[in-house]
Amino acid sequence: MAPGPEQLDRLAACIVEARNVVVLTGAGVSAESGLATFRDPSEAGDALWSRYDPMELATIGAFERDPELVTRWYHWRFTKCADVDPNPGHDALARLERWLTESKSPEAFTLITQNIDGLHQRAGSVRVVELHGTIHTWRCTETGKETPLRDLSFGSFPVRSGDGGLMRPCVVWFGEALPEAALAIAGAALERCDLFMSIGTSATVQPAASFLRIAKHNGARTAEINRDSTPNTAEVDIALPGASGEILPLVLARAERLAGGDPIGDT
Ligand code: BJW
């Protein structure tokens, strides 16, 4: 069911009124770019996704048991990321950041993403808090030294650093701590935000899954844009069901018109 114009208008008005907007994104935001999400493998159609459970591969235990398989999987995912482009949802969020930070304050917009694909940055988002790390940087498991993926050779698997240690992606696996700096920025943003939007995430993985409740507890209005319902759907002030690549540009256009003094039309 697509959201009606009143729901789009309500979120647009909240954006215009807010002083501090926090957006949390998940894999659903990149789905329209062609990247498979975690928890609906039926979409995928690639052998790796159908043969392996992604949740079984995103652990340190999996890497220790079979570093070749996990390295191949992340290298394959990197090639997928490199093959696709940001979609209109990414573009709208980058435009929203520029608009709010230029017209209100540098703190007026914080984008927190669980995605490791770098598509927000490629769309032009500048301050991106990468909660689960990035696939574009890898580190040596012996020395901790980080290397951009483009400087690594994937001639054989697994990949070793010059120091002989296994290289792993700088992503956060289950049971691992999230990057301290990212958590600190996210925590401060959640404290001051007056509008929190959860977009394209199943809201099942902690600690990100609790962000909406924290923001709400701190007095923020809350909204969700998701193709399916999630544990957040019943809790939010505004739930917009549907694809983020379709809904975000509509909401942004309405907010821009409203801020410009134009009455919101029916598009
Ligand atoms: C669309 C759409 C479209 C589709 N438009 N929508 C408290 C309680 C219980 C458990 C825990 C707890 N605290 C910690 C845990 C354990 C664990 C956890 O949460 N487990 C749960 C499964 C229960 N958490 C952790 O282990 C975290 N670590 C931690 O807390 O450490 C503590 C610690 C402290 C100090 C020392 C040591 C430890 C780490 C979590 C790391 C998650 N890592 C992954 C892999 C990253 C690398 C990679 O990408 O491979 O992150 S798992 C995976 O899930 C990935 C994602 O970022 C994450 C979230 O998934 P996301 O983005 O929500 O995607 P999906 O697929 O689930 O949902 C997509 C949604 O989009 C769906 O709703 C679709 O409907 C929708 N959609 N198309 C809009 N076009």
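The values are calculated or read from the model by the stated rules, or taken from the named source; none is laboratory data. Just so you know, these numbers come straight off a predicted model, no measurement behind them. For neighbour counting, all protein chains shown are included, and Cβ atoms are generated from backbone atoms with ideal geometry for every residue, glycine included. To get the accessible areas, we keep the full protein, side chains included, count just its heavy atoms, and leave off ligands, DNA and RNA. Shrake-Rupley method; radii C 1.70, N 1.55, O 1.52, S 1.80 Å.
Hey, any hits in the stretch 137-156 for a residue that's among the hydrophobic types (A, V, I, L, M, F, W, C), touching a Gly at 6+ places or on another chain (Cβ under 6 Å) and more than 16 Å from the ligand (Cβ to nearest atom)?
Start the filter on the stretch 137-156 by keeping residues that are among the hydrophobic types (A, V, I, L, M, F, W, C), which leaves 138, 140, 149, 152, 154.
Keeping just the survivors that are touching a Gly at 6+ places or on another chain (Cβ under 6 Å) gives 140.
Keeping just the survivors that are more than 16 Å from the ligand (Cβ to nearest atom) gives 140.
Scanning the stretch 137-156 turns up at least one residue that is among the hydrophobic types (A, V, I, L, M, F, W, C), touching a Gly at 6+ places or on another chain (Cβ under 6 Å) and more than 16 Å from the ligand (Cβ to nearest atom).
Starting from residues that are more than 13 Å from the ligand (Cβ to nearest atom) and assigned to a helix (DSSP H, G or I), keep the ones in the stretch 202-227 and report whichever is least open to solvent (accessible area, probe 1.4 Å).
Ala215
Which condition does Asp163 not pass, out of (1) away from the ligand (no atom under 12 Å from the Cβ); (2) of a type in the set (Asp, Glu); (3) closer than 30 Å to Arg19 by Cα, if it passes all the others?
Just one mismatch for Asp163, condition (3).
So, restricting to strands (runs of 3 or more DSSP E) that lie completely within the stretch 77-187, which ones have at least 2 residues that are at pLDDT 95 or above and either of a type in the set (S, T, N, Q) or under 19 Å from the mean Cα position of the chain (by Cα) (or both)?
In the stretch 77-187, 109-113, 128-130, 133-140, 167-171 are the strands (runs of 3 or more DSSP E) which contain 2 or more residues that are at pLDDT 95 or above and either of a type in the set (S, T, N, Q) or under 19 Å from the mean Cα position of the chain (by Cα) (or both).
Tell me which residues, restricted to the stretch 55-70, are in a helix (DSSP H, G or I) and more than 15 Å from Val159 (Cβ to Cβ).
Residues satisfying the conditions are Met55, Glu56, Leu57, Ile60, Gly61, Ala62, Glu64, Arg65.
Identify the residue in the stretch 48-96 that is charged (D, E, K, R) and within 12 Å of the ligand (Cβ to nearest atom) and, among all such residues, is least open to solvent (accessible area, probe 1.4 Å). Let's see the steps before the verdict.
Looking only at the stretch 48-96, we keep the residues that are charged (D, E, K, R), and these are 51, 53, 56, 64-66, 68, 72, 77, 80, 83, 85, 91, 95.
Then drop every residue that is not within 12 Å of the ligand (Cβ to nearest atom), which leaves 53, 56, 77, 80.
Numbers: Asp53: 74, Glu56: 111, Arg77: 32, Lys80: 73 Å².
If we take residues in the stretch 48-96 being charged (D, E, K, R) and within 12 Å of the ligand (Cβ to nearest atom), then Arg77 is least open to solvent (accessible area, probe 1.4 Å).
Give the residues of the stretch 228-251 that are aliphatic (A, V, I, L, M) and open to solvent by 70 Å² or more (accessible area, probe 1.4 Å), sorted by residue number.
If the condition is that a residue be aliphatic (A, V, I, L, M) and open to solvent by 70 Å² or more (accessible area, probe 1.4 Å), then Ala234, Leu250 are the ones that fit.
Among the residues of the stretch 110-163, which ones are surrounded by fewer than 16 Cβ atoms within 10 Å (Cβ to Cβ) and on the phi > 0 side of the Ramachandran plot?
Gly124, Gly144
State whether one or more residues within the stretch 182-200 are hydroxyl-bearing (Ser, Thr, Tyr), on the phi < 0 side of the Ramachandran plot and exposed (fewer than 13 other Cβ atoms within 10 Å of the Cβ). Working first, answer last.
Residues of the stretch 182-200 that are hydroxyl-bearing (Ser, Thr, Tyr), as a first pass: 198.
Narrowing further to those that are on the phi < 0 side of the Ramachandran plot: 198.
Still in the list and also exposed (fewer than 13 other Cβ atoms within 10 Å of the Cβ): none.
No: zero hits.
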